Structures are given as structure tokens and as C-alpha cells.
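Asker: Sharing a structure here in C-alpha cells format.
The values are calculated or read from the model by the stated rules, or taken from the named source; none is laboratory data. This one's a predicted model, so the numbers in the text were calculated from it and none came from an experiment. All Cβ positions, even for glycine, are placed from backbone atoms using ideal geometry, and neighbour counts span all protein chains on display. Ligands, DNA and RNA are stripped out before the accessible areas are found, and what is left, the full protein with its side chains, is counted by its heavy atoms. Shrake-Rupley method; radii C 1.70, N 1.55, O 1.52, S 1.80 Å.
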Amino acid sequence: MKKKLIAGNWKMNGSIESNDALVRAILAGMGAACDVAVCVPAPYLAQVQMLRHGTKLDLGAQDVSCHDAGAYTGEVSPAMLKEFGVRYVIVGHSERRQYHHESDQLVADKARCALAAGITPIVCVGETLAEREAGKTEEVVKRQLAAVVHTNGHCISEIVVAYEPVWAIGTGKTATPEQAQQVHAVLRAQLHAATEHSDRVRILYGGSMNAANAASLLAQPDIDGGLIGGASLKAPDFLQIIAAAAATAA
Ligand code: PEP
């Protein structure tokens with residue numbers, strides 16, 4: 001059985017003072033039964049790298065450039081992330097697809113560049129409410145993942161996928177465990193057709209996962225962890241989600 005992964009996405013939140021308290025509380029309360037990461041804003045990578053150094057808490061970033069170096073103002077390269085001990089990077093979050101017009105191909109390229117630098121991309125896919133209501137959920141997530149599969153070839157078993165229905169992100173509306181499992185099974189089948197190592201790929205659920213609903217979501221056979229936004233900013237909530245993930249391994 002794969003170890004579950006619980007990854008916090010802090011988005012554009014935090015301060016030197018609040019990060020210190022949050023990371024110390026997570027470190028004090030987390031065990032080793034599941035993998036845990038925090039994906040922090042770029043300016044705080046160095047701070048959180050120092051706080052987590054020598055612990056089992058992994059460091060993640062929220063975006064990466066697909067250029068190595070040069071005249072790309074504002075971008076951060078995979079090699080730079082690597083220098084700060086980054087293990088995971090979120091690519092294709094719906095907020096970046098929506099507000100920064102990131103295409104499926106750009107997301108796939110970012111995943112490729114991360115992998116080339118030895119960083120695991122957490123590739124986000126998910127449908128909007130309008131797409132779900134039009135019966136297009138499968139079509140959308142398969143299209144988004146297909147670009148990543150096509151661009152990354154045999155490396156595809158090295159990625160993490162996060163199914164994040166856009167209508168559930170930050171809205172308090174969560175996919176039911178059955179709705180989430182249905183989409184995860186579709187993604188698993190797609191990965192299975194692409195690689196004989198598809199069982200290695202962790203498929204996380206993200207979208208208003210919280211202390212109350214985590215256990216039932218994480219009990220689903222194809223849900224291998226969670227990508228947590230709002231609830232990752234409160235140590236007690238995040239720790240309860242971690243505990244729910246750990247309980248599935250017991
Ligand atoms: C996210 O932004 O990745 C996310 C899942 O947010 P929230 O948990 O707040 O819905």
C-alpha cells in the first residue's frame with residue numbers, strides 16, 4: 001500500500017511570524033505514518049526549509065518556470081527551487097489556469113521541467129461547475145492529464161496527480177467520497193494505460209477537504225492523500241487531516 005500524502009497549499013498566505021508558529025505546531029503534532037508537505041509562497045522557502053530541516057516534513061513550491069535561466073522576470077527556475085530543498089511543486093492549479101491563462105501544454109511542460117530537476121510535480125486537474133453540469137467532468141480531466149502523459153512519457157509514474165474540482169476549491173463544497181472516487185478511478189485507468197507503474201502514482205483529492213470530511217474521502221480506494229488549502233493554515237485542522245490519513249495506514 002502506498003503511503004498517503006497530505007500536502008498543504010498555503011497559496012498567498014503567511015508571514016515570517018505566522019509561518020514559524022504554524023510549522024513548529026505541525027512538526028510537534030505529525031507522525032511518520034503518512035507523508036506530509038507544505039507548499040509555501042516562494043519568499044518563504046528559505047525560512048520553511050530551515051524550520052523543517054532534519055525532519056520528515058517536506059517542502060513544496062506553488063509554481064515553477066519551465067525555463068532554466070534568463071530574461072524571465074518574476075519566474076523561479078526548477079534549479080532554484082532545488083537549491084532550497086524543494087521536493088514537490090504544484091503545477092496547473094486551477095487558480096493559475098484561470099488567472100494566468102496556463103494551458104494544458106504549459107502545465108505539462110512545467111511538470112517535465114520539475115521532473116528534470118528532481119522535483120515531483122503535483123499536477124492539478126479538475127472541472128468547473130459548468131463543465132460538471134454539462135456532463136464534461138471526465139472529458140476535461142482526461143484532456144488535462146493527457147497533455148502531461150504525452151509530454152512526460154515514461155517519467156509519468158514519477159508524478160503526483162491532484163483531482164481538484166474547481167467548484168469545491170475554497171467554497172466549502174466538497175465532492176462526496178463517491179464523486180471523488182469516480183473521477184480518481186478514471187484518472188487511475190488513464191495512468192494505467194500509459195505506464196505499467198501506474199500503481200505508484202498518488203492521486204490526491206483537493207477541494208475543501210477538512211478535519212470533518214477527510215476520513216471518508218481518504219478511505220476511498222483510489223484517493224491517496226489530499227491537497228489542502230484553507231485547512232492547511234490552521235495547525236489543529238491540518239493535523240487532524242494528517243491523523244485521518246495515518247489512520248488509513250493502520
Ligand atoms: C487548493 O487550493 O488546492 C485547495 C484545495 O483549497 P481548499 O482546500 O481551500 O478548497
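Asker: State all residues of region 9-22 that are open to solvent by 30 Å² or more (accessible area, probe 1.4 Å) and in a loop (DSSP other than H, G, I, E, B); if no residue qualifies, say none.
Answerer: Scanning region 9-22 gives 11, 12, 13, 14, 15.
One line per residue, one yes/no per condition, for (1) open to solvent by 50 Å² or more (accessible area, probe 1.4 Å); (2) in contact (Cβ under 8 Å) with a residue 24 or more places away in the chain:
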| position | (1), (2) |
| --- | --- |
| 1 | yes, yes |
| 7 | no, yes |
| 24 | yes, yes |
| 45 | no, yes |
| 71 | yes, no |
| 75 | yes, no |
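Asker: For region 95-122, name all the residues that are within 16 Å of the ligand (Cβ to nearest atom), open to solvent by less than 20 Å² (accessible area, probe 1.4 Å) and either aliphatic (A, V, I, L, M) or in contact (Cβ under 8 Å) with a residue 60 or more places away in the chain (or both).
Answerer: 107, 122 - these are the residues of region 95-122 that are within 16 Å of the ligand (Cβ to nearest atom), open to solvent by less than 20 Å² (accessible area, probe 1.4 Å) and either aliphatic (A, V, I, L, M) or in contact (Cβ under 8 Å) with a residue 60 or more places away in the chain (or both).
Asker: Any residue at all in region 129-142 that is touching a Gly at 6+ places or on another chain (Cβ under 7 Å) and touching a residue at least 40 places away in the same chain (Cβ under 8 Å)? Walk me through how you get there before you give the answer.
Answerer: In the first step, residues of region 129-142 are kept if they are touching a Gly at 6+ places or on another chain (Cβ under 7 Å); the result is 141.
Adding the requirement that they be touching a residue at least 40 places away in the same chain (Cβ under 8 Å) leaves 141.
The answer is yes; a qualifying residue exists.
Asker: Could we say that residue 125 is at pLDDT 95 or above, within 15 Å of the ligand (Cβ to nearest atom) and within 15 Å of residue 204 (Cβ to Cβ) here? Give the steps one after another, and end with the answer.
Answerer: On the way: at pLDDT 95 or above: yes; within 15 Å of the ligand (Cβ to nearest atom): yes; within 15 Å of residue 204 (Cβ to Cβ): yes.
Yes, satisfied.
Asker: Looking only at region 13-33, which residues are over 14 Å from residue 235 (Cα atoms) and at pLDDT below 95?
Answerer: If the condition is that a residue be over 14 Å from residue 235 (Cα atoms) and at pLDDT below 95, then 32, 33 are the ones that fit.
Asker: Being closer than 25 Å to residue 119 by Cα and touching a Lys or Arg at 6+ places or on another chain (Cβ under 6 Å) is the requirement here; does residue 198 meet it?
Answerer: Values: closer than 25 Å to residue 119 by Cα: yes; touching a Lys or Arg at 6+ places or on another chain (Cβ under 6 Å): no.
So residue 198 does not fit the description; no.
Asker: Going through 58, 68 one at a time, which residue ends up being away from the ligand (no atom under 14 Å from the Cβ) and touching a Phe, Trp or Tyr at 6+ places or on another chain (Cβ under 7 Å)? Quick ask: steps written out before the conclusion?
Answerer: Details: 68 fails: touching a Phe, Trp or Tyr at 6+ places or on another chain (Cβ under 7 Å).
When all the criteria are applied, what remains is 58.
Asker: Name the one entry in 158, 139 that is touching a Leu at 6+ places or on another chain (Cβ under 7 Å), open to solvent by 10 Å² or more (accessible area, probe 1.4 Å) and not small (Gly, Ala, Ser).
Answerer: Numbers: 139 fails: touching a Leu at 6+ places or on another chain (Cβ under 7 Å).
Within the list 158, 139, the selection yields 158.
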